[in-house]
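In what follows, a single structure is set out as structure tokens and then discussed.
The values are calculated or read from the model by the stated rules, or taken from the named source; none is laboratory data. Computed from a prediction, not measured in an experiment: that's the story for all the values here. When we count neighbours, we look across all protein chains shown, and the Cβ atoms used for this are built from the backbone with ideal geometry, even at glycine. Surface accessibility is based on the protein's heavy atoms, side chains included, excluding ligands, DNA and RNA. Shrake-Rupley method; radii C 1.70, N 1.55, O 1.52, S 1.80 Å.
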Amino acid sequence: MTETTDTARRIHDASVRGFASDNYSGVHPEIMAAIAAANEGHQVAYGEDVYTARLQEVVANTFGAGARAFPVFNGTGANVLALQSLLPRWGAVICAETAHINVDENGAPERIGGIKLLSITTPDGKLTPELIDQEAWGWGDEHRAQPLAVSITQATELGTLYSVEEIRAIADHVHAKGMKLHMDGARIANAAAALGVSLREITRDAGVDILSFGGTKNGLLFGECIVVLNDEVSEGLHYLRKMNMQLASKMRFISAQFIALLDDDLWLRIASHSNSMAARLRDAVAGIDGIIITQESKANAVFARLPQDVADRVREQYRFYDWDHTTGEVRWMCSFDTSEEDIDGFAAALAQEMTRSR
């Protein structure tokens, strides 16, 4: 395909940049190459292809022997399926009030999964054993949904991180109560890169039973992957995936992406870059009078507070989301293709508009 044809088919302005979400970026070139390689010839459908078989080997090498991969279409599907596999019909999940499953999935855990969520208010998006105990009670009481699982997010929705020790403390605490631990790892690559640990250290070795392993926010075209880390987790995932419309017929295209992501530590290279761009942005805006950094984010997000009129004017050039309308808090996300020039231009626009507002 010629460059002229490529340009003719493109209907968006490729020069436009934004900081609204790491979902806004395109596909990492190495991931796109993996998709193209998987596109030749025929392969058996519904996960019986050689790419999905190879993914099982790669996942076992990454997370430890016995770890199993269940590719799915999206993060909400991964979370709902993973939690369903941990629970009987009367089970409930304890999570942070800010958790994606509680705030951003339009009731899918409750409506599709039939799962009661027991949410807990936290100052930083993180749970602790003590906070979990606010809802970890009532076993045997037929009038109360039974708290049988805990879900934590790494990195959290506020960009904060759980250390390996904090995850282990939670895992030990919930396991002692007969509960299971799920991790929403939509941005687990960013968390592991920021902490300087492996994906296994931050999950299986720390006691996580099942993981929603994010891909789309880390350079994939589409697809997430449930990773079963505990052999005691239900085998029902094979059936739940189909029931919940998450079984891809051409699964090789999801599996091929995750193979590429995990091979040669591409996940780490991508996450390290997006994290470093967020750090550059934090440093740049910290010197702008009137902008306040609001969260101790260590991954690829920056949370800040600034005047609404300034935010609206800057959004005419760079799109980003309000996080809390009542306080003026906003969120800025960096991705694999965020450049130093993007950061510098964005910071300059913020500084210019802050000056105009005085």
| request: Identify all residues within region 283-296 that are in a loop (DSSP other than H, G, I, E, B) and without any contact (Cβ under 8 Å) to a residue 12 or more places away in the chain; write none if there are none. | output: Gly287
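Every residue, every condition in (1) open to solvent by 70 Å² or more (accessible area, probe 1.4 Å); (2) in contact with a Leu (Cβ under 6 Å, 6 or more places away or on another chain); (3) assigned to a loop (DSSP other than H, G, I, E, B), yes or no:
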| position | (1), (2), (3) |
| --- | --- |
| Lys298 | yes, yes, yes |
| Val302 | no, yes, no |
| Gln317 | yes, no, yes |
| Thr327 | no, no, yes |
| Arg331 | no, no, no |
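Going through region 185-231 one residue at a time, which ones are part of a strand (DSSP E or B) and open to solvent by 10 Å² or more (accessible area, probe 1.4 Å)? Steps first, please.
Narrowing region 185-231 to residues part of a strand (DSSP E or B): 185, 210-213, 224-228.
Result: Glu224, single match.
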| message | I'd like to check something: does region 248-260 contain any residue that is in contact (Cβ under 8 Å) with a residue 40 or more places away in the chain, touching a helix residue (DSSP H, G or I) at 6+ places or on another chain (Cβ under 8 Å), of a type outside the set (Ser, Thr, Tyr) and open to solvent by 50 Å² or more (accessible area, probe 1.4 Å)? | response | no
| Is it the case that region 43-51 has a residue that's modelled with pLDDT of 95 or more, of a type in the set (A, V, I, L, M, F, W, C), part of a helix (DSSP H, G or I) and within 21 Å of the chain's Cα centre (by Cα)? | no
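For region 56-80, name all the residues that are in a loop (DSSP other than H, G, I, E, B) and either in contact (Cβ under 8 Å) with a residue 24 or more places away in the chain or within 14 Å of Asp104 (Cα to Cα) (or both). Spell out the reasoning first.
Taking region 56-80 first, the residues in a loop (DSSP other than H, G, I, E, B) are 64-67, 73-74.
Gly64, Gly66, Ala67, Phe73, Asn74, listed by residue number.
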